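Written out below as C-alpha cells is the structure these notes cover.
The values are calculated or read from the model by the stated rules, or taken from the named source; none is laboratory data. Quick caveat, the model's predicted, so the values are computed rather than measured. Neighbour counts are summed over all protein chains in view; Cβ atoms, including those assigned to glycine, are modelled from backbone coordinates with ideal geometry. The accessibility values were calculated without ligands, DNA or RNA, using every heavy atom of the protein model including side chains. Shrake-Rupley method; radii C 1.70, N 1.55, O 1.52, S 1.80 Å.
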Amino acid sequence: MNPADLDGSESGGRQVPLTAAPDRPAVTSLAPRQTPPPGELALVDNFREGVVVTDPTGVIREFSQPALRLMPGLVVGHTFAGCGVAPLSAGELTIGERRVRCRRVDLTIAGATSIAWYVEDVTDAIARSDALLAERGRARFLATASQQLGNPLHEDRAARAAVRLAVPTLGEVAVVVLAPRRGRARWWRAGGGDGPTLVDGGVHSADGLPPAVAQALDGTEPSEADWLADQLAEVGWLGGRRPDTAAVRVVSLPGSASPTGALIVVRGTPFDEHDVEMLRGFAARAGAALDAAVLYRDQAEVAETLQASLAPSEPPGVGGVQWGAAYRPAQSSLRIGGDFYGAHELPDGGALFYLGDVSGKGVDAAVFTGQIRQGIQALRRIESDPARLLTLLNDSVLETTRAHGHGRFATMVLGSTHPTHGGGLSLTLASGGHLPPVVLRSDGTVETLDLRGMLIGVVPDPRIAALTVQLAAGETCVLFSDGVTEARGGVRGEQFGAARLVAALEGCQRMPAPAVAERVEQVIGDWLGGRNHDDIAVFAIRAVPPSVPQRHLHAVPAS
Amino acid sequence: MTAVLDSAVESAYPRYLHCLDLADENGAIDVALSLLDAGVPAERVLLSLVAPAQAQVGEWWQRNEWSVAQEHAATHVSERVVAAVAIAARTRPTRERVVVACLDGEWHALPARLVAEVLRLDGWDVTFLGASVPSPHLVSYLHRHDPRAVLLACALPMRLPHAFRAIEACRRTDVPVLVGGRGFGADGRWAAKLGVAFASDARAASSVLATPAFDAATPPALLDDTEYAGLVAAKVELIDLALERLDLRRYSPAQVDATLADLGYIVDSLAAAVYVDDASLFGEFVGWLGEVLSSRGVPLHTVGLTFDVMADRLRDFPRAHRFLREVALRPAA
C-alpha cells in the first residue's frame with residue numbers, strides 16, 4: 001500500500017476526532033462492548049473500509065460515511081432491500097460501477113447479536129493491477145515473439161511463424177504479405193477460418209495488392225480508415241468477416257534496406273494505443289526475422305552456386321572401371337573443402353583419375369581445388385602421361401600462386417587406367433607428395449604402393465614419383481587423403497594411422513568400389529566418434545570384367 | 001492375386017539372398033525388377049524382399065556367420081536395389097517436400113532409405129540426405145528448403161543423447177521433426193521421453209505427416225542430464241579402469257582396438273540409459289553385446305568384471321550404479 005491508495009478515502013466529511021484513538025477498542029474487535037451512541041461511528045468514517053451494522057433480521061442499525069458513499073440510499077431502520085440497495089455477501093462484488101470487497105463479521109454487543117458488513121472500494125487497485133498485468137503480458141508476448149521469430153531462416157517459415165504468433169494476441173486474423181519478388185507477392189494468413197492455428201497462404205500479383213498493403217510495403221503506415229477492411233475483403237483476406245464489423249490495422253515489417261513485408265491484423269474490437277504500440281513492436285521483430293531470412297537466402301544462393309562448381313563431380317562411366325568415392329569436408333555446413341578427386345575419360349578408351357589435397361581449409365582451399373581441377377581438365381588434352389601431366393600442372397600452379405602471392409600448394413595422386421586382357425586394369429600412377437594408395441588384392445590382402453614424390457606448386461620441376469600397377473578383375477586401388485590416416489579419435493584421440501586403414505580393408509576384396517569407399521568413410525566416422533576432423537576424401541578404382549553389362553536401371557517389359 | 005504375388009516374393013527371396021552373399025549387384029537388381037515386372041507393387045518389393053533380407057544379413061553378422069565386410073557389401077547391394085526399384089517405379093510427387101536423414105554418426109542408412117522410398121511411392125516429394133548427416137549441413141538444408149517436415153533416423157540407442165541435440169537443432173529451424181528407428185526403442189518409448197513425435201514405420205510416418213496438428217510446436221523436453229554429463233566426463237577413466245583388469249599383452253592390435261571400441265559402447269549405452277532414465281536401454285544393449293561377443297568367442301566373465309569395476313567407480317552415480325548392478329550378461333542361446 002502507498003499513500004496514493006488512501007487518497008480517495010480521506011475525503012470523508014468529518015474530521016478525525018483528536019481524542020478518539022487511545023481509549024476506544026477497535027471496531028473490528030469481537031469482544032462484547034457497549035453499543036456506541038448514534039454518531040459514534042465518527043472514528044470509522046475516516047477508514048477506507050465502510051461499515052454497515054444490521055440486526056440478525058437485516059435491519060440496518062448504523063453505517064459509516066464510506067459505506068454511504070458506496071451505497072447511497074442507506075437509511076437506519078430499513079433493510080438493504082428497503083433502501084433500494086442490493087443485499088451484501090462476502091467476497092468481491094459489484095455495487096453500481098464500483099468493485100467492492102466485502103466481509104461479514106457477526107458481533108455480540110451487550111447481549112444483542114449484530115452483523116457488521118465491512119465494504120472496501122477496490123476498483124482503482126484492480127484497474128492498476130490489471131494495467132500492470134496487461135503491460136507484463138505485452139512484454140512477455142513480445143519476448144516470446146522475439147525468441148520464436150528468431151528461429152527460422154526461411155522467409156516463408158518466418159512469415160508463417162509471425163502470423164501464427166499474432167493470433168489471437170494481436171487480432172483474430174493476421175496476414176503477412178512478403179515484399180514482392182519478380183512481380184509476385186507471397187502471403188501467409190492465420191485465423192482465416194479453419195481453426196485459429198491453421199495457416200494458409202498464396203501468391204498475389206504485386207500490381208493487384210490492396211493500396212494500403214502496397215503503401216505499407218513502401219514503408220509508410222496507412223492510416224486507419226474504414227476502407228482498409230473493404231480493401232482486404234476484396235482480396236479475400238478477411239476470412240469471412242464482414243468489413244463493417246472489422247477493425248483493421250496494416251503496418252510495415254521494417255527491413256535493413258526496405259520493408260520486408262506488411263502485416264495486417266483484423267479483429268472485432270477497435271485497437272487502442274497499447275494495442276497499436278504492441279503491434280508495432282511485433283512488426284519490428286517480425287521484420288528483423290524476415291530480413292535475416294532474406295539475407296540468409298541470398299548468401300545461401302551464392303554459396304550453393306560456389307558449392308556446385310567446386311563439389312566433386314560424378315566420375316564418367318568407363319568400360320572395365322567401377323568408381324567409388326566418399327567425401328566428408330571439415331566444414332560440414334557448406335560441404336566443400338580442400339580435398340578433391342575426379343576422373344575424365346580418355347580418347348583411347350582409358351581414363352584419367354586423381355585425388356588430392358590443397359594446403360589450407362574451407363572456402364579458400366575449395367576455390368584453389370577448383371583451379372587445380374581446371375588445370376588438369378585443360379592439360380589432359382595435351383598430355384596423357386600422369387607424371388608429365390603433374391609436372392605441367394606444377395608449373396601452372398606455381399605461376400598462379402606467384403601471381404597471387406598466396407603460397408598455396410597441393411599434394412595429389414594422378415593416374416591413368418587402361419583395360420587389359422582378362423578383365424583387369426593397368427594403372428599408371430604419379431604422385432606429388434601425396435599419401436601412397438593401397439591396393440585390395442583378390443586374395444583379400446592389402447598392398448601399400450611405394451609412391452611419394454614432392455609437393456605440387458612449391459618448386460619448379462619437382463621430383464614426381466611414378467609407377468605402374470596391374471589390377472586383376474575384382475581388385476581395387478584406393479586413393480585417400482590425409483584426413484583418413486590423421487583422423488584423431490578412439491578413446492584417447494590418437495591418429496587413425498595407415499595400419500588401421502589396411503586392417504579395415506583386409507578381406508574386403510568382394511566389395512564393389514562404392515562400398516569400399518563407404519566403408520573407409522564409416523570406419524573413420526566411428527573412429528572419430530563425433531570429433532572434429534580434417535577434410536576426408538576416398539576414391540576407389542575397381543577392375544570389373546567388361547563382360548558384365550552396364551546395369552540397365554529401367555524395368556524390362558515382361559515378355 | 002495377393003497370394004500369388006506373395007508367393008512370387010517368397011520364391012525370389014532365396015535367390016535375392018544368394019545375390020547379397022555374392023555381392024552381385026546386377027543379379028540382385030534383376031531379382032527385384034523382375035518382381036516389379038510380374039506386377040508386385042514396388043512397396044511390397046521394398047518391404048517384403050529388401051527389408052527382411054537386410055535384417056537377415058544383420059543377424060548373420062551378429063552371430064559371426066558373416067564378416068563385417070560381407071555385411072557391408074550386401075548393404076551396398078541392397079541400397080542399389082532400392083535405387084533401381086525407385087527409378088523403375090517413377091512416382092511423380094503430388095504432396096509436399098519432406099527430408100529424410102540419418103543423424104550424424106548413424107551409418108545404418110538402409111532402413112531410413114526404405115522409409116524415404118515408401119514415402120515417395122506415397123506421393124511425398126522426398127529428399128534423402130543419406131547416412132551420417134552432420135547437423136550443420138542438415139540445419140542449413142532445412143533453412144534453405146523449408147520442407148513440410150524432417151524425418152530423422154536413429155538406429156542405435158547409445159546415440160540418443162547425440163540424436164536429441166540434433167533434434168533440438170532441427171526444431172530451432174521451426175521445421176516439424178518426426179523420428180523413427182530402433183534407436184528410439186521398439187515402441188518409440190524413448191522418443192516419447194524426449195518429447196518428439198515418433199513413427200514406427202513408413203506407413204505410420206506418412207499418416208503423421210498428413211496430420212495438420214503435427215505442426216503444433218512441442219515444448220522442449222526437460223531432462224536432468226547432470227549424471228549423464230558426469231558419465232561422459234568419466235568415460236576415458238572408466239575405460240582405463242576396465243583395461244587394467246585385462247591382460248592386453250595377449251591381444252593383437254586389432255583386438256585391442258575392438259576391446260576399446262566395445263568398452264566405449266558400454267559406457268555410451270550406459271550414459272544413454274542414464275540420459276533417458278531407463279534401465280531397459282542398457283539391458284537391451286547388454287543382451288545384444290552378449291550375443292555378439294559370445295559368438296566371437298570372447299569370454300563373457302571379462303565383461304561381467306568390467307561391469308563390476310565400473311559400478312565400483314560409479315558409486316556416486318545412482319542411476320548408472322543401479323543399471324550396472326541390475327544387468328545380467330547372458331551368452332547367445
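Tell me which residues, restricted to segment A:490-548, are within 11 Å of chain B (Cβ to nearest Cβ), outside any helix (DSSP H, G or I) and among the acidic types (Asp, Glu). Correct list: A:494, A:506. Is there a residue being under 30 Å from residue A:156 (Cβ atoms), buried (at least 18 other Cβ atoms within 10 Å of the Cβ) and within 14 Å of chain B (Cβ to nearest Cβ) anywhere in segment A:315-327? Scanning segment A:315-327, I find no residue that is under 30 Å from residue A:156 (Cβ atoms), buried (at least 18 other Cβ atoms within 10 Å of the Cβ) and within 14 Å of chain B (Cβ to nearest Cβ), so the answer is no. At least 3 residues being small (Gly, Ala, Ser) and more than 14 Å from every other protein chain (Cβ to nearest Cβ) is the threshold, and among the helices (runs of 4 or more DSSP H) wholly inside segment B:131-231 those reaching it are B:202-209.
Here the strands (runs of 3 or more DSSP E) wholly within segment A:59-126 that include at least 1 residues being exposed (fewer than 13 other Cβ atoms within 10 Å of the Cβ) and within 54 Å of the chain's Cα centre (by Cα) are A:91-95.
Consider segment A:332-351 and keep the residues that are under 17 Å from residue A:420 (Cα atoms) and free of Cβ contacts under 8 Å to residues at least 60 places away in the same chain. The one that is farthest from the chain's Cα centre (by Cα) is A:347. Within segment A:303-311, is even one residue more than 14 Å from chain B (Cβ to nearest Cβ) and more than 20 Å from residue A:524 (Cα to Cα)? Yes. Taken together, the residues in segment B:130-165 that are open to solvent by 10 Å² or more (accessible area, probe 1.4 Å), closer than 28 Å to residue B:277 by Cα and of a type in the set (Gly, Ala, Ser) amount to 4. Checking each residue in segment A:261-302 for being within 14 Å of another protein chain (Cβ to nearest Cβ), in contact (Cβ under 8 Å) with a residue 60 or more places away in the chain and out of contact with any His (no Cβ under 7 Å at 6 or more places or on another chain) picks out A:286, A:289, A:290, A:292, A:294, A:297. If I filter segment A:234-245 for residues that are in a loop (DSSP other than H, G, I, E, B), at pLDDT below 90 and among the polar types (S, T, N, Q), do I get at least one hit? Checked segment A:234-245: no residue is in a loop (DSSP other than H, G, I, E, B), at pLDDT below 90 and among the polar types (S, T, N, Q). Restricting segment B:16-40 to residues that are over 26 Å from the mean Cα position of the chain (by Cα) and outside any helix (DSSP H, G or I), the residue that is farthest from the other protein chains (Cβ to nearest Cβ) is B:40.
Restricting attention to segment B:88-102 and to residues that are open to solvent by 10 Å² or more (accessible area, probe 1.4 Å) and not in a helix (DSSP H, G or I), the residue that is nearest to the other protein chains (Cβ to nearest Cβ) turns out to be B:90. Counting the residues of segment A:492-524 that are in contact with a Gly (Cβ under 9 Å, 6 or more places away or on another chain) and surrounded by fewer than 18 Cβ atoms within 10 Å (Cβ to Cβ) gives 3.
Restricting attention to segment A:460-490 and to residues that are open to solvent by 20 Å² or more (accessible area, probe 1.4 Å) and in contact (Cβ under 8 Å) with a residue 60 or more places away in the chain, the residue that is nearest to the chain's Cα centre (by Cα) turns out to be A:482. Before we move on, is residue B:74 within 13 Å of chain A (Cβ to nearest Cβ), under 20 Å from the mean Cα position of the chain (by Cα) and open to solvent by less than 20 Å² (accessible area, probe 1.4 Å)? Yes; evaluated as a whole, the condition is true for this residue. Taken residue by residue, segment A:198-214 has no member that is in contact (Cβ under 8 Å) with a residue 60 or more places away in the chain, open to solvent by less than 70 Å² (accessible area, probe 1.4 Å), within 14 Å of chain B (Cβ to nearest Cβ) and within 28 Å of residue B:138 (Cα to Cα). Kindly establish whether residue B:269 is over 25 Å from the mean Cα position of the chain (by Cα) and not hydrophobic (A, V, I, L, M, F, W, C). So residue B:269 does not fit the description; no. Does segment A:231-247 contain at least one residue that is open to solvent by 30 Å² or more (accessible area, probe 1.4 Å), within 27 Å of residue A:134 (Cβ to Cβ) and either touching a helix residue (DSSP H, G or I) at 6+ places or on another chain (Cβ under 9 Å) or of a type in the set (Val, Ile, Thr) (or both)? Yes, segment A:231-247 contains a residue that is open to solvent by 30 Å² or more (accessible area, probe 1.4 Å), within 27 Å of residue A:134 (Cβ to Cβ) and either touching a helix residue (DSSP H, G or I) at 6+ places or on another chain (Cβ under 9 Å) or of a type in the set (Val, Ile, Thr) (or both).
Checking every residue in segment A:200-214 against the condition of being β-branched (Val, Ile, Thr) and out of contact with any Pro (no Cβ under 9 Å at 6 or more places or on another chain) gives at least one match.
Going by the structure shown, is residue A:223 farther than 21 Å from residue A:159 by Cβ, open to solvent by 30 Å² or more (accessible area, probe 1.4 Å), assigned to a loop (DSSP other than H, G, I, E, B) and hydroxyl-bearing (Ser, Thr, Tyr)?
Against the criterion (farther than 21 Å from residue A:159 by Cβ, open to solvent by 30 Å² or more (accessible area, probe 1.4 Å), assigned to a loop (DSSP other than H, G, I, E, B) and hydroxyl-bearing (Ser, Thr, Tyr)), residue A:223 qualifies.
Restricting attention to segment A:127-163, the residues that are assigned to a helix (DSSP H, G or I), open to solvent by 50 Å² or more (accessible area, probe 1.4 Å) and small (Gly, Ala, Ser) add up to 6. Look at residue A:542 and say whether it is in contact with a His (Cβ under 7 Å, 6 or more places away or on another chain), surrounded by 22 or more Cβ atoms within 10 Å (Cβ to Cβ) and under 22 Å from residue A:354 (Cα atoms). The answer is no for residue A:542.
Could you please give the count of residues in segment A:298-331 that are of a type in the set (Phe, Trp, Tyr) and within 30 Å of the chain's Cα centre (by Cα)?
Matching residues across segment A:298-331 total 1.
Does residue B:63 meet the test of being away from every other protein chain (no Cβ under 12 Å), in contact (Cβ under 8 Å) with a residue 24 or more places away in the chain and under 19 Å from the mean Cα position of the chain (by Cα)? Yes. If you filter segment B:116-129 down to residues that are open to solvent by less than 30 Å² (accessible area, probe 1.4 Å) and within 18 Å of the chain's Cα centre (by Cα), you find that the one that is nearest to the other protein chains (Cβ to nearest Cβ) is B:117. Taking the conditions exactly as written (away from chain B (no Cβ under 14 Å) and surrounded by 13 or more Cβ atoms within 10 Å (Cβ to Cβ)), does residue A:250 satisfy them or not? Spelling it out, residue A:250 is indeed away from chain B (no Cβ under 14 Å) and surrounded by 13 or more Cβ atoms within 10 Å (Cβ to Cβ). Within segment B:103-115, restricting attention to residues that are touching a residue at least 40 places away in the same chain (Cβ under 8 Å) and away from chain A (no Cβ under 11 Å), the residue that is most open to solvent (accessible area, probe 1.4 Å) is B:111.
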